[in-house]
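> Please read through the structure below; I'll follow up with questions.
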Amino acid sequence: MNRRLWVGVVAASLLFGLFTTYVHAITLGKAYLEEGGTEITAQRAILDGVAGNPLQYRVLTVYLWVGLLQAFAALGLPHHIYLSFVG
């Protein structure tokens, strides 16, 4: 495959991924993702190793998300949990 096609496929994948995650976050609302919400509680359970069967979770993405979460919190961004989830 030529380079232009690869760049187009990667760019389209990133855009579609960002779009679907954004729509997912908008549909569920900020309360679902913010502190005390269902998603953050589930992610913390995965990190703490008490979330049940670890094979049903994508553990690496949780660690990447936590890194982004901490970076956004350090920058002082409002709604940093929500923004890091979409990111």
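> Starting at 0 and stepping by 5 Å, how many percent of the alpha carbon pairs of the chain end up in each bin?
3, 13, 18, 22, 19, 12, 7, 4, 2, 0
> How much accessible area per residue does region 1-83 have, counting only protein heavy atoms and a probe of 1.4 Å, in square angstrom?
Details: 6250 Å² over 83 residues.
Counting only protein heavy atoms, the per-residue value for region 1-83 is 75 Å².
> Taking all protein chains in place and a 1.4 Å probe, what share, in percent, of the accessible surface of the chain do carbon and sulfur account for? Could the numbers behind the result be given before it?
Details: 4310 of 6390 Å².
Carbon with sulfur: 67 percent of the solvent-accessible area.
> While we're on this one: In nm, what is the difference between 0.36 nm times the number of residues separating Trp6 and Tyr22 and their Cα-Cα distance? Walk me through the intermediate numbers first.
On the way: separation 16, 0.36 × 16 = 5.76 nm, distance 2.41 nm.
Working it through step by step, the gained length comes to 3.3 nm.
> Return the calculated 222 nm mean residue ellipticity for the chain, to the nearest 500 deg cm²/dmol, obtained by summing -39500 (n - 2.57) across DSSP H runs with n ≥ 4 and dividing by the residue count. Show your work: numbers first, answer last.
On the way: 5 runs with 64 residues, N = 87.
Using -39500 (n - 2.57) per qualifying helix, the result is -23000 deg cm²/dmol.
> May I ask you to list, by number, the DSSP H helices of the chain whose Cα span along the axis is at least 20 Å and whose average Kyte-Doolittle hydropathy reaches -0.5 or more? Numbers along the way, then the final one.
Numbers: long enough: 3-28 (38 Å, 1.28); 59-74 (23 Å, 1.82).
Passing helices, by number: 3-28, 59-74.
The values are calculated or read from the model by the stated rules, or taken from the named source; none is laboratory data. Worth saying up front: this structure is predicted, and the values here are computed from it rather than measured. Just so you know, the surface numbers come from the protein's heavy atoms only, side chains and all, with ligands and any DNA or RNA stripped out. Shrake-Rupley method; radii C 1.70, N 1.55, O 1.52, S 1.80 Å.
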